[in-house]
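The values are calculated or read from the model by the stated rules, or taken from the named source; none is laboratory data. Treat the numbers as computed from the prediction; the structure is a model and nothing was measured. Here the Cβ positions follow ideal geometry from the backbone for every residue, glycine too, while neighbour counts run over all protein chains shown.
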Amino acid sequence: MLTLFTTAKAFRGHIAIIQRNALKSWTLLDPQMQIILFGDDPGTAEAARDFGALYRPEAPKTPSGAMRLDYMFATAEELSPFGICCYVNCDIILMPDFLAALRRTQAAYSQFLMIGRRWDIAITQPLRFDSPAWQRELVAHVRQSAKQRTPDWIDYFAFSRGVYGSDLPPLAIGRLFWDNWLVWKAMAGGNAVVDVSQMVLAVHQNHDYNHHPQAEKGIWHGEDQRANFRLTGGYGHLRTIANATYVLTATGIARNRFQRLHYWRVRAGHAAMLLFTKAQRYMWHPFLDATRPLRKALGLRKSA
């Protein structure tokens, strides 16, 4: 079967509700499902006990407190009795279409990474898992009100044993670039990367970023973000779901015809950003410095 592994934020308030929703949905996928919960934030031990998950509180963290990818991925493979592991963010609800896509991917390739886009929706209450209609009601709610994220947002990585090996860098999970690097790493190793977005409804439950001391600013622009960029090797080692080599559809698995187009579009965007930064540094800022006395004398200030 499959080993699902994750790390959770402190089980408080709304975050506790959505994380418990996600964990419960995973337990219903298959009776043999193995779940590993990493981290020692408040409430994690109790959640592991309630959902029958293996609990690993000793996982190392970055200096700012983010969980480290290298330890989690290596430990999950070591503890898994199966040939497939899947890291999934602890706010993602999975349903049977996820396992169906995984079985089709596994049947087609011995070594693979399976990824897909998510659907964002606001969920504020525990789901009624005791109702036979909970999946049907959730799917209808998502189809009516949810927003599908772009291919840059990657929340689950199902991979066959050996795809990542033991040389993973100590990237901070939950910051920037770690997810895009995982896609590049699988592709660089010659493995099939399959986009199952058309066939899997992965439900992301919206939340705030109050778990970080600096909130969203700390997530997107903090030290972990900068360290991740250095450790990945920069834009040349980053890919998104749109770069997947294959796409799973209702009729089967096909080559992703737009893979190279998306790759060059992103590279062009990165080149334009770099050019703009250099123009500011070597042209615009020197111009401002040189003309500052004249502009000051003429009263040409930003406030005026």
Checklist entry - Is it the case that some residue within the range 287-304 is surrounded by 13 or more Cβ atoms within 10 Å (Cβ to Cβ), outside any helix (DSSP H, G or I), modelled with pLDDT of 65 or more and out of contact with any Gly (no Cβ under 9 Å at 6 or more places or on another chain)? => result no
Item to check | the range 144-183 - residue that is touching a Ser or Thr at 6+ places or on another chain (Cβ under 7 Å) and aromatic (Phe, Trp, Tyr) and, of those, modelled with the lowest pLDDT | outcome: 177
Item to check | Hits in the range 63-81 - residues which are in a loop (DSSP other than H, G, I, E, B), surrounded by fewer than 20 Cβ atoms within 10 Å (Cβ to Cβ) and of a type in the set (S, T, N, Q) | outcome: 64
Checklist entry - Within the range 58-76, is even one residue over 21 Å from the mean Cα position of the chain (by Cα) and basic (Lys, Arg)? => result no
Checklist entry - Does any residue in the range 136-157 that is more than 14 Å from residue 179 (Cα to Cα) and outside the structural domain of residue 95 (by TED's automatic domain parsing) come within less than 7 Å, Cβ to Cβ, of a residue that is modelled with pLDDT under 95 and not basic (Lys, Arg) six or more places away or on a different chain, and which pairs are these? => result none
Next on the checklist: Can you tell me how many residues within the range 82-131 are in a loop (DSSP other than H, G, I, E, B), polar (S, T, N, Q) and crowded, with 17+ Cβ neighbours inside 10 Å?
Outcome noted: 1
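If you check residue 186 against the conditions, is it in contact (Cβ under 8 Å) with a residue 24 or more places away in the chain, buried (at least 24 other Cβ atoms within 10 Å of the Cβ) and either among the β-branched types (Val, Ile, Thr) or farther than 29 Å from residue 17 by Cα (or both)?
Judged against the criteria, residue 186 is a match.
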